[in-house]
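What follows draws every value from the coordinates through simple rules; no lab data is involved. Treat the numbers as computed from the prediction; the structure is a model and nothing was measured. Positions of Cβ are backbone-derived with ideal geometry, glycine not excepted, and every protein chain shown enters the neighbour counts.
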């Protein structure tokens, strides 16, 4: 029984490590613009991003951990790392803090008049692999 448990855990660890590889970059046309503030995003994309709580702009305040030292000054546990916006596609990389610290690669697509999130891939950033 103990060997089966060890084998199962080893398999899960290896499977998790395999998924940590960086997914293909979001390919946008040369006319795509850099997104360097959450406020630059269309309202529907911004609302989807903020649905998990406040999001800091790049290099803004960010709590990468679960530790709260001063409850009166709680920093966001999400921070925009980078983004690109084309006419019909927006790709964002967002840091997600906390116990399962990771980056979320999010892709939004314009469908008619509305923006819809079409994918999200969670990856470990290069520095934590």
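Assorted remarks:
- Prolate/oblate/rounded label for the range 28-70 (Cα gyration tensor, a/c 1.5): prolate
- Fewest neighbouring Cβ atoms within 10 Å first, the residues 124, 105, 80 line up as 124, 105, 80.
- Relative exposure of 121, 27, 116, judged by other C-beta atoms within 10 Å (fewest first): 27, 116, 121
- When 88, 57 are arranged by Cβ crowding within 10 Å, least crowded first, meaning fewest neighbours, the order is 88, 57.
- Relative compactness, the range 23-128, computed as alpha-carbon Rg over 2.2 N^0.38 Å: 1.09
- Residue 33 versus residue 99: modelled label distance in nm, points set 7 Å from Cα along the beta carbon direction: 4.0
- Bridge type composition, the range 23-128 - antiparallel percent by DSSP, nearest 5: 95
- FRET efficiency for the pair residue 44 and residue 119, taken as 1/(1 + (r/R0)^6) with r the Cβ-Cβ distance and R0 = 25 Å, rounds to 0.95.
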